[in-house]
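The values are calculated or read from the model by the stated rules, or taken from the named source; none is laboratory data. Not measured: the values here are computed from a predicted model. Cβ sites come from the backbone with ideal geometry, for glycine too, and all protein chains shown count toward neighbours. Surface areas here come from the heavy atoms of the whole protein model, side chains and all, with no ligands, DNA or RNA. Shrake-Rupley method; radii C 1.70, N 1.55, O 1.52, S 1.80 Å.
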Amino acid sequence: MKRVRQQVRRIGPHFRTVLVSGEPGTGKELVARALHRMSPASDAPFVVCHAAAIEEALAERPVRGTLFLPRISDVPLEVQDRLLRVLRQYEPTQSRGNVLQRMELRTIASTEEDLRILVSTGRFSQELYQRLATVEISLPPLRERMEDFPELARHFLEGFAQLYGRGACKITDEVTERMRRYPWPGNVRELESVLRNGVLRSEGEVLEPHDLPPFAEAGQPEQSTTGMGKSVRLQDVVEQHVLRVLKDCGGNKLRASEMLGISRSTLYRMLDAGVSADTLR
């Protein structure tokens, strides 16, 4: 995340369009808002425009501030074309007429899918992708950056203590270990929800295992089993899916990463973490 923060500081004052990618709950909107705060138009509106409301937003034609388009992959092709035409109108020009006005509208889009794959299948505009991805910030899932866990947990616990008028809340080593084992499919958003619930359940200033919601049981190794009708860890499901895709691709890691919608480096990390390619033989 140090790399992400450096990118935000470097890009913030200068960006025109940015694409923020990552799994659900990784903090894509937080990154977008941080970019807006660092831009020259930070005093102008930050407008969140979901796919269903893009038509209305385009009709209003904002001229200053930041337009945030979450889940851009959900936007229909015909609306993508309209959005593309609007973005063209805000390109810098050599004429001195509207150049300042045009430069002050910034666009940030986020995606949970690999837009390159959607482009290759005709589900996303090639030109729109190229314009949005002039600068791309990729957010890693929480399970791949557990070194950030202590700082994130402290941040949320301090905030909830202040919000609910509680004393400073801490977590025991056992709780920390359970949370480190959990795969966090909902990422940082899920962590925030879990800690909020834990603080509300807790009767003291220390978060105990019994204060955790049922999610924590999924992080215990003894719960991992592949029997029918029994609990299965998300990590096991993910590993089996990766192996199946890799096998279908004849062991071609580049093709498998494209099919999975992840980068090759992410696939290699998953293989190193326990998904062994030897099982394909």
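If you scan the stretch 241-281, which residues turn out to be at pLDDT 75 or above and assigned to a loop (DSSP other than H, G, I, E, B)?
Gly251, Asn252
Residue by residue, here is whether (1) under 23 Å from Glu113 (Cβ atoms); (2) free of Cβ contacts under 8 Å to residues at least 60 places away in the same chain holds:
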site: Arg3; (1), (2): yes, yes
site: Gln6; (1), (2): no, yes
site: Arg10; (1), (2): no, yes
site: Pro13; (1), (2): no, yes
site: Thr17; (1), (2): yes, no
site: Pro24; (1), (2): yes, no
site: Ala32; (1), (2): yes, no
site: Met38; (1), (2): no, yes
site: Ala44; (1), (2): no, no
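Within the stretch 139-164, can you find the residues that are open to solvent by less than 20 Å² (accessible area, probe 1.4 Å) and within 16 Å of Lys28 (Cβ to Cβ)?
Matches in the stretch 139-164: Leu139, Pro141, Leu142, Arg145.
Could you count how many residues in the stretch 113-137 are within 17 Å of Val20 (Cβ to Cβ), surrounded by 15 or more Cβ atoms within 10 Å (Cβ to Cβ) and of a type in the set (Ser, Thr, Tyr)?
1
State yes or no: is Glu151 among the acidic types (Asp, Glu), farther than 30 Å from Leu77 by Cβ, within 27 Å of the chain's Cα centre (by Cα) and modelled with pLDDT of 85 or more?
Criteria met by Glu151.
Using beta carbons and a limit of 9 Å, which pairs, at least six apart or on different chains, have the first residue in the stretch 135-148 and part of a strand (DSSP E or B) and the second one exposed (fewer than 15 other Cβ atoms within 10 Å of the Cβ) and not β-branched (Val, Ile, Thr)?
Taking only residues 6 or more apart or on different chains, the pairs are Ser138/Ser263.
Looking at the stretch 90-134, which of its residues are among the aliphatic types (A, V, I, L, M) and either modelled with pLDDT of 95 or more or not in a loop (DSSP other than H, G, I, E, B) (or both)?
Val99, Leu100, Met103, Leu105, Ile108, Ala109, Leu115, Ile117, Leu118, Val119, Leu128, Leu132
Let me spell it out: the conditions are (1) surrounded by 16 or more Cβ atoms within 10 Å (Cβ to Cβ); (2) farther than 30 Å from Ser257 by Cβ; (3) at pLDDT below 90, and Leu87 meets all of them except one. Which number is the exception?
(2)
Among the numbered criteria (1) surrounded by 15 or more Cβ atoms within 10 Å (Cβ to Cβ); (2) not in a helix (DSSP H, G or I), which one does Gly167 miss?
(1)
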